[in-house]
1. May I ask for the net charge around residue 118, where only other residues with Cβ less than 12 Å from the Cβ of residue 118 are counted and Lys, Arg are +1 while Asp, Glu are -1?
2. What's the ranking of 12-21, 89-98, 150-159 by average number of surrounding C-beta atoms within 10 Å, highest first?
3. Could you work out how far apart the two model spin labels at residue 96 and residue 143 are, taking each label as a point 7 Å from the Cα in the direction of the beta carbon, and quote it in nm?
4. Using modelled amide H (1.01 Å from N, peptide plane; none on Pro or chain starts), what sits under 5 Å from the amide H of residue 151, excluding residues fewer than 5 places away?
5. Calculate the FRET efficiency for residue 155 and residue 89 from the Cβ-Cβ distance with a Förster distance of 22 Å, rounded to the nearest 0.05.
Amino acid sequence: GRGKAEVTVLVLGLDNSGKSTLLNALRAPEQRVAHTTPTVAQQQEHFQSGGVSFSAWDVSGAPRHRALWERHYRRAHAVIFVVDSADHLRLVVAREEMELLLAHPDMFGRRVPLLIFANKSDAAHALAPMQVAAALCLERITDKPWHICASCALSGAGIADGVTWLARQLR
Ligand code: GDP
């Protein structure tokens with residue numbers, strides 16, 4: 001195992017996918033904030049799960065910040081990609097972002113576990129995780145272990161399942 005070494009997890013996804021809400025749900029209850037603010041580039045959050053220390057970078061979906069978050073790819077041990085399962089139109093944009101991520105020189109060919117949260121599973125017309133997986137063409141990923149989980153960041157449902165998978169990959 002890695003012992004006490006810090007594991008860096010990047011949390012990526014389009015704006016409004018639920019990253020800030022998800023990160024808040026991952027915090028210890030006493031560290032939670034009452035109101036999450038829209039994602040700010042370079043905002044760093046920390047949490048622990050499954051005996052692993054996670055350091056999460058909360059990145060913005062704004063293209064002007066791309067260089068800022070791509071700089072962190074190199075030292076990422078894992079990636080959490082958050083998708084709004086009810087935003088059918090922007091699933092195409094999410095897929096394009098994921099393709100850019102996977103093709104990046106600091107990501108391609110690296111065995112970085114990739115956890116996808118099919119978030120907002122509680123929303124009306126939310127797609128099932130398998131449908132989100134198909135829309136994102138996840139079956140094409142061969143250089144990384146990946147896992148998709150339905151989640152509701154508001155209630156916390158599904159988050160522990162995903163994080164448990166991630167922690168197991170990083171052990
Ligand atoms: P970010 O821009 O990716 O950080 O997204 P936020 O965490 O700010 O969430 C965007 C909006 O979606 C907010 O109004 C959240 O309350 C809402 N939201 C986040 N997660 C969920 C979820 O699982 N279900 C529902 N119904 N709404 C959610």
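Bear in mind that the values in this text are calculations on the coordinates, not laboratory data. Since this is a predicted model, take the numbers as computed values, not measurements. For neighbour counting, all protein chains shown are included, and Cβ atoms are generated from backbone atoms with ideal geometry for every residue, glycine included.
1. Working: positive: 120; negative: 84, 87, 122, 161.
Overall, the nearby charge balance is -3.
2. My ranking of the peptides, most packed first, is 12-21, 150-159, 89-98.
3. So the label points at residue 96 and residue 143 sit 2.2 nm apart.
4. Amide H neighbours of residue 151: 118, 119, 120, 121.
5. Numbers: r = 25 Å, r/R0 = 1.12.
The computed FRET efficiency comes out at 0.35.
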